[in-house]
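S.K.: Pasting a structure here, questions to come.
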Amino acid sequence: MKRAALLLLSASLLALAGPAFANGGDDELLISFTGFDYQNPNFSGTYLDLGEGYKVVGFVTSSGPLLASWIDFTSYEYTIYVRDLSVNGRFFTFPNLTVTFANNGRGSYYADNFPVDGGTAATYGVNPPNATAPSTFTDGTLDPNTGERVTGDVDNFVLVYNFSTNQGSFAGNMTLDGGPALIYVPVPQRAGWVLGGLLGPPNATIPLGYDHQVDGECRIPGKTPAAHHTWGAIKALYR
Amino acid sequence: MKRFLGVAAVLGVLGMAAVRPAAAAPCAPLDLCVGPPCPFLIQFDANCFAHETAYNTSTFISAPGSRLDIVGLITQFGPALPFLNPNDPNKEYTFRMTGLTSQGTILSANGPTTLYDCNYDSLTTATFAIYEGTPRNAPATAAAWAANPWGGAVVPPNFEDGTLILSGEMCGFHTNIAKTGLTVSGSFRANYHVTGGTLYPYIAGTEALLGGNWCANLSGCHPANYSAHPNGKFDASSATTAASHSTWGRLKQIYR
């Protein structure tokens, strides 16, 4: 009876355990990216005012071990697009800003052919959204290896920015849930995170109308270490 | 004679630049950019980790005087250095940032967020060095990093072997970590300029940004014994023009 209760308790604790940062386990890189962020919709003069939207477009710069065999930088251009993030909380005490967002944002990475193969080069342009952003970051061709490759739901997204040091960051939980390349990510590793560092002005690299330069990563939980055992050895644990 | 004087002047300027003394703080103004956007110069991603001598990974507190070092593998070079291929199976491009001395983490709060800000380089001259090495011997997998803690036989030595292709100074290195509930994020930012290395002439004069994401949380984004996982880039600027290798013969033809 005692053993059964212990088993039940262990099982319920395991079921409750969700992705959390402070879990002490190893996580791993899914993709790394660099790009720029902007507000859309942007109806207020206040940066990321309540109800405004936050978006990031950029390029994939490298991949982790799970996707390394399926990403070919010599044949395709890889891009990212983070969107559908709506401000639902704003805290500002100079120089620090914290912005929280409603759940169900989205993040994806895409592949496109290079222009020589019929694709379109991803182009930031100015004052996004514009004729090339985000459209050239999200398009593909008839090549089945192009278009959206992996997409995920973004929750608990928080952005912070320091207007004195001109830097900030964002983080959110990202649960991968779609795209043809999702099959390469084992189910237990799909509840991960999206992280980014922000560098604002003075920063001459930022195109007109974008807010910050972004360097970030999508990370996922690492494989849970496993070991072979016999039924006898497992039974012995409960005796 | 004119041609000879021109070549001599160029060589003289290059020679002087290679041995010019270290610039002092405060940070010089950043270059403008011919873009947009300005291309990056050097990108580093997954295989980059920081180590501190007096840092608490549970509290994100860096003690005053703590020495920060960063080592990493370069994943991409921008248009100014098109002849370098970080995917060459026989070479690796590594870097080390050092001379970063902590002034101590300052805590503050804003709404639901606790902030951990730290200045690193105002007490000493912070420097970086980038190497081209053969064969590949720096850790490039999670397992290899875990097996090679800072201060061992591999890290940092295997990030400092080979030819020194670029070296320079950093100014204003600052990390910012934010904790909002369970969510932890972070960034780092500094100015940099190149002062030496065999490829110095290709990017001489650049005063640009170095920065990116600074993952300091405990989820496992950095191995034990390391303090954070930076992911970022050295930006290029208008002073960083596209370059290509040439021969003396071709150079002479330009002046004929």
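The values are calculated or read from the model by the stated rules, or taken from the named source; none is laboratory data. Computed from a predicted model, the values in this text were never measured in an experiment. Heads up, the Cβs are rebuilt from the backbone with ideal geometry, glycines too, and the neighbour counts pull from every protein chain shown.
S.K.: Among B:Gly197, B:Gly205, B:Gly151, B:Gly172, which is more than 19 Å from B:Ala28 (Cα to Cα) and under 17 Å from the mean Cα position of the chain (by Cα)?
M.R.: B:Gly197
S.K.: I need the full set of residues from region A:175-184 which are among the aliphatic types (A, V, I, L, M) and either part of a helix (DSSP H, G or I) or facing another protein chain (nearest Cβ under 9 Å) (or both), in order please.
M.R.: The answer is A:Ala181, A:Leu182, A:Ile183.
S.K.: If you scan region B:71-91, which residues turn out to be part of a loop (DSSP other than H, G, I, E, B), touching a residue at least 24 places away in the same chain (Cβ under 8 Å) and over 12 Å from B:Ile42 (Cβ atoms)?
M.R.: Those that are part of a loop (DSSP other than H, G, I, E, B), touching a residue at least 24 places away in the same chain (Cβ under 8 Å) and over 12 Å from B:Ile42 (Cβ atoms): B:Pro82, B:Phe83, B:Pro89, B:Asn90, B:Lys91.
S.K.: Also, quick follow-up: So which of A:Gly168, A:Gly119, A:Gly172, A:Gly152 ends up being buried (at least 19 other Cβ atoms within 10 Å of the Cβ), away from chain B (no Cβ under 11 Å), touching a residue at least 24 places away in the same chain (Cβ under 8 Å) and under 25 Å from A:Val87 (Cβ atoms)?
M.R.: Every option except A:Gly152 fails the conditions.
S.K.: Of the residues that sit in region A:108-150 and are of a type in the set (D, E, K, R) and in a loop (DSSP other than H, G, I, E, B), which one is modelled with the highest pLDDT?
M.R.: Selected residue: A:Asp139.
S.K.: Filter region A:58-86 down to residues that are more than 13 Å from chain B (Cβ to nearest Cβ) and hydrophobic (A, V, I, L, M, F, W, C) and give me whichever is farthest from B:Ile42 (Cα to Cα).
M.R.: Of everything passing the filter in region A:58-86, A:Leu85 is farthest from B:Ile42 (Cα to Cα).
S.K.: Taking the condition more than 14 Å from chain B (Cβ to nearest Cβ), polar (S, T, N, Q) and within 18 Å of A:Pro180 (Cα to Cα), does A:Thr46 pass?
M.R.: no
S.K.: Related question: Restricting attention to region A:185-224, and to residues there that are outside any loop (DSSP other than H, G, I, E, B) and of a type in the set (Gly, Ala, Ser), which single residue is farthest from B:Ala236 (Cα to Cα)?
M.R.: Step by step, filter region A:185-224, then rank; the result is A:Ala191.
S.K.: Run B:Pro156 past the list (1) more than 13 Å from chain A (Cβ to nearest Cβ); (2) modelled with pLDDT under 95 and report the number of the one that doesn't hold.
M.R.: Status for B:Pro156: all satisfied but (2).
S.K.: Quick check on this structure: which one of B:Gly152, B:Gly168, B:Gly99 is touching a helix residue (DSSP H, G or I) at 6+ places or on another chain (Cβ under 9 Å) and of a type outside the set (A, V, I, L, M, F, W, C)?
M.R.: Being touching a helix residue (DSSP H, G or I) at 6+ places or on another chain (Cβ under 9 Å) and of a type outside the set (A, V, I, L, M, F, W, C) holds for just one of B:Gly152, B:Gly168, B:Gly99, which is B:Gly168.
S.K.: Any idea how many residues of region B:192-238 are polar (S, T, N, Q) and either surrounded by fewer than 22 Cβ atoms within 10 Å (Cβ to Cβ) or more than 10 Å from every other protein chain (Cβ to nearest Cβ) (or both)?
M.R.: Of the residues in region B:192-238, 6 are polar (S, T, N, Q) and either surrounded by fewer than 22 Cβ atoms within 10 Å (Cβ to Cβ) or more than 10 Å from every other protein chain (Cβ to nearest Cβ) (or both).
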